[in-house]
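Read-outs: derived from the displayed coordinates by stated rules, not from any lab. Since the structure is predicted, the reported quantities are computational estimates derived from the model, not experimental observations. Here the Cβ positions follow ideal geometry from the backbone for every residue, glycine too, while neighbour counts run over all protein chains shown.
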Amino acid sequence: MTVKEIVEKMDSFSDAKRVKYLAPLYESLTPVSQKQITSFQATWDHTKSFDEFKKAQSAELRRCIEMELSDTGGIIRKELGLQPLNEDDEIKEPEKTVK
């Protein structure tokens, strides 16, 4: 699934699909975005419902992706030695390891 498809569909993802696609998407982001998302999650008001959390988390992810797709995000990614993020980049689920 592409970055664009994930952004468009993440609000309707089942919990399993959220794990399947959002975890590798998170891994493809810069440490700046990862820190922002981690900080958001750590400071979330846990008295609110999980559905509210998922909606707010999706909004936070969209802000980070929007920043990374911008010119500024491209500069940050380049300085960190990362390829530019593109809406058409394929985000693949992590490979399953056999034990």
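Counting other beta carbons within 10 Å of each residue's own, what order do F50, F13 fall into, fewest first?
Numbers: F50 10, F13 16.
In increasing order of surrounding Cβ atoms, one gets F50, F13.
Please order T72, T30 by the number of other Cβ within 10 Å, starting at the fewest. Walk me through the numbers before you get to the answer.
On the way: T72 10, T30 18.
Arranged by neighbour count, lowest to highest, T72, T30 become T72, T30.
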| Taking H as built 1.01 Å from N, whose amide H comes closer than 5 Å to the amide H of T2, not counting residues under 5 places away? | I91
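Explain nothing, just the number: relative contact order of the chain, from Cα pairs under 8 Å at least 6 residues apart, as a whole percent. Walk me through the intermediate numbers first.
Values: 66 pairs, mean separation 45.0, N = 99.
Once normalised by length, the contact order is 45 percent.
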| task | Take each complete run of DSSP H in the chain, measure how far its Cα atoms stretch along the helix's own axis, and keep only those covering 18 Å or more with mean Kyte-Doolittle hydropathy at least -1.0; list them. | result | 15-28, 50-69
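With a 10 Å Cβ neighbour count serving as the proxy for reagent exposure, in which order, fewest first, do S12, S33 appear?
Numbers: S12 8, S33 23.
Taking fewest neighbouring Cβ atoms as first place, the list is S12, S33.
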| message | Can you divide the C-alpha Rg of the stretch 1-95 by 2.2 N^0.38 Å and report the result to two decimal places? | response | 1.06
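Helix-derived [θ] at 222 nm for the chain: sum -39500 (n - 2.57) over DSSP H runs of at least 4, divide by residue count, nearest 500? All intermediate terms of the calculation are to be shown ahead of the outcome.
On the way: 5 runs with 62 residues, N = 99.
The helix-only estimate for the chain comes to -19500 deg cm²/dmol at 222 nm.
Given that compact globular proteins tend to follow 2.2 N^0.38 Å, what is the ratio of the alpha-carbon Rg of the stretch 17-66 to that value?
Normalised Rg, Cα atoms only: 1.10.
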